[in-house]
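In what follows, a structure is listed as structure tokens, so that the remarks can point back to it.
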Amino acid sequence: MNINPLFIAISALLSVSLASIAHAEELPSSATNIASRRELFIDSFLIDRFVGKAEQRLHKPIPREIAIVHDAPWEGSGSGYHSVFQDGDIYRMYYKAWHLDVSQGKLNSSVHPLFCCYAESKDGIHWTKPNLGIHVFNGSKNNNIAIISEQQGELRIDAGHPAIFLDNNPAAPPDARYKAIVRSKDNNGLIPLKSADGVNFKPITDQPILSGMGAFDSQNLAFWDETIGKYRAYWRYFTKGTTNKEEWKPAGIRAIRTATSDDLVHWDDITDLTYTDSPHEQLYTNQIKPYARAPHILIGFPTRYTERGESPQMTALPDNKHRKMRSSVSPRYGTAITDALLMCSRDGHEFKRWNEAFFRPGIERPNSWNYGHQYVAWHVVQTANTLPGAPDELSFYASESYWTGKGSAVRRYTLRLDGFVSLSAPMKGGEVITKPIKFTGNQLELNYSTSVAGSIRVELQDAQGTPIEEFKLEDCPEHFGDTVGRAVQWKNNPDLAQLAGKTIRIRFVLKDADLYSLKFQTTN
């Protein structure tokens, strides 16, 4: 039998190449070490491939009660730009207080100056407006105004675009435990403020920061990112030119810019956000912050601004008479509509942005489907579940009734813990195989939901995809239920610690199930 020498040479070369590839997969650099971090399936970071009917599914927060109505004389119809965070056993809320009167062809936004007001809650569900007694409104200090628009030295503070946060920087001094980012009234930059108690703020600098770097006509924010040990800032800008103030038309696309800082004053690494697979869209806010349960993941809820124009469908939307009146001031006030998206990043620059709405306007009803609807508060918090005995859930807060009445409102929404996006498959089944990873610990915990007939099974493989003895699919019983944290079991309870530090892949076999997150951990 004669064998072509060229065939022998090619076969040998191919064998060497395949061996090299296999060896490369075993190298430490080819595997991501997730250690004991909680990992969400909000992006494709861990995902190598899907098999069968498996896919990523975007979930939507569930509307709950009205959390707060901005009906005080110093608040008004245009109140918004909320900041929400948990501070020990108190939930704190800050927001812009603004009232707009609209009549045919006229818009009066000077009913009172712009304020930043404060509310608080013991459970994140029921909110009160404490009497702070700091600033005078109509001759009285009986109000919840925390920051006012004023001149302080060389600074002209605009209190109407506030973003307040609890500074987790371990080096933050006691008098700067709380920080605020507000806009300069000259609209030429941002002004950082500090506070010891969360209600009495004063400037950190005598000049605006990030001057000339953006439009800033939105909720611009900054926070301490423990993952990189720096502050991050995110703010609004236009991709081309600036706003045309006379016609209120953008000269470019509303977009988002970012920078980092060691001290909240001096900034570098100034870049524009990029997106993996999303079109150019008008984004008003960004609402980016580390997700508390997985702080290495930055999650944002940007407001999407869509100009629909006049049409029979626009006329059929709620509050058509009021919409027409708003259009008489500027067409965009009547025919532009807003909703909110979900996006995430692991480096702070490139984001996975889900193109489908995370917060739709919802069923048509009064004070909905308008400009200013579904501006999501910065940021999500963890609250007790309203179902007795159920685990905690995530609470979001989104605006409604914007410009449509005497006082705008905020509605609370809920989602299961880590429940933004799931690996999902119908009853026909599907599989997801991860990229090579390394871990620490002796137990794999999953956050998942199945039907009573559905299930999740897990197989651990080596870097080349070969099932590992004792952790094969046939060794894993069907896991079913609805839990935010349950350990995966295999027959004979093999010790998972024997694989810690080694390169593995995980194979998930799903049937009428959703898998939201995983976490390796150490248990006794």
Exercise for the section: Quickly run through the stretch 36-88 and pick out the residues that are crowded, with 16+ Cβ neighbours inside 10 Å and among the polar types (S, T, N, Q). Expected result: 56, 77, 79, 83, 86
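So which residues in the stretch 90-117 are part of a loop (DSSP other than H, G, I, E, B) and closer than 12 Å to residue 403 by Cβ?
At the first step, the residues of the stretch 90-117 found to be part of a loop (DSSP other than H, G, I, E, B) are 98-100, 104-105, 109-114.
98, 99, 100, 109 - these are the residues of the stretch 90-117 that are part of a loop (DSSP other than H, G, I, E, B) and closer than 12 Å to residue 403 by Cβ.
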Practice task
Write out, first by first residue and then by second, each pair whose Cβ atoms fall under 7 Å of each other, whose residues are 6+ apart or on separate chains, and whose first residue, in the stretch 55-70, is polar (S, T, N, Q) while the second is crowded, with 16+ Cβ neighbours inside 10 Å.
Solution key: 56/41; 56/421; 56/423
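Given the options 314, 343, name the one that is more than 22 Å from residue 95 (Cβ to Cβ), more than 13 Å from the chain's Cα centre (by Cα) and either not acidic (Asp, Glu) or not in a loop (DSSP other than H, G, I, E, B) (or both).
Numbers: 343 fails: more than 13 Å from the chain's Cα centre (by Cα).
Only one candidate qualifies: 314.
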Handout entry: Within the stretch 346-377, tally of residues that are assigned to a loop (DSSP other than H, G, I, E, B) and on the phi < 0 side of the Ramachandran plot
Key = 15
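Taking the stretch 388-404 as the region of interest, how many residues are in contact with an Asp or Glu (Cβ under 9 Å, 6 or more places away or on another chain) and either part of a loop (DSSP other than H, G, I, E, B) or not assigned by TED's automatic domain parsing to the domain that holds residue 89 (or both)?
Selection size over the stretch 388-404: 1.
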Problem - Answer from 263, 269, 277 - the residue that is modelled with pLDDT under 95, assigned to a loop (DSSP other than H, G, I, E, B) and not hydroxyl-bearing (Ser, Thr, Tyr) - result: 277
Practice task
Specify the residue that is surrounded by the most Cβ atoms within 10 Å (Cβ to Cβ); the eligible residues are those in the stretch 405-443 that are among the aliphatic types (A, V, I, L, M) and part of a loop (DSSP other than H, G, I, E, B).
Solution key: 417
Practice task
Find all pairs meeting these conditions: Cβ atoms under 6 angstrom apart; at least six residues apart or on different chains; first residue within the stretch 502-516 and touching a residue at least 60 places away in the same chain (Cβ under 8 Å); second residue in a loop (DSSP other than H, G, I, E, B) and among the hydroxyl-bearing types (Ser, Thr, Tyr).
Solution key: none
Exercise for the section: Go through the residues of the stretch 462-478 one by one and say whether even a single one is of a type in the set (Asp, Glu) and under 26 Å from the mean Cα position of the chain (by Cα). Expected result: no
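The values are calculated or read from the model by the stated rules, or taken from the named source; none is laboratory data. From a predicted model like this one, the values you see are computed outputs, not experimental measurements. Here Cβ is always computed from backbone atoms with ideal geometry, including for glycine, and neighbour counts include all displayed protein chains.
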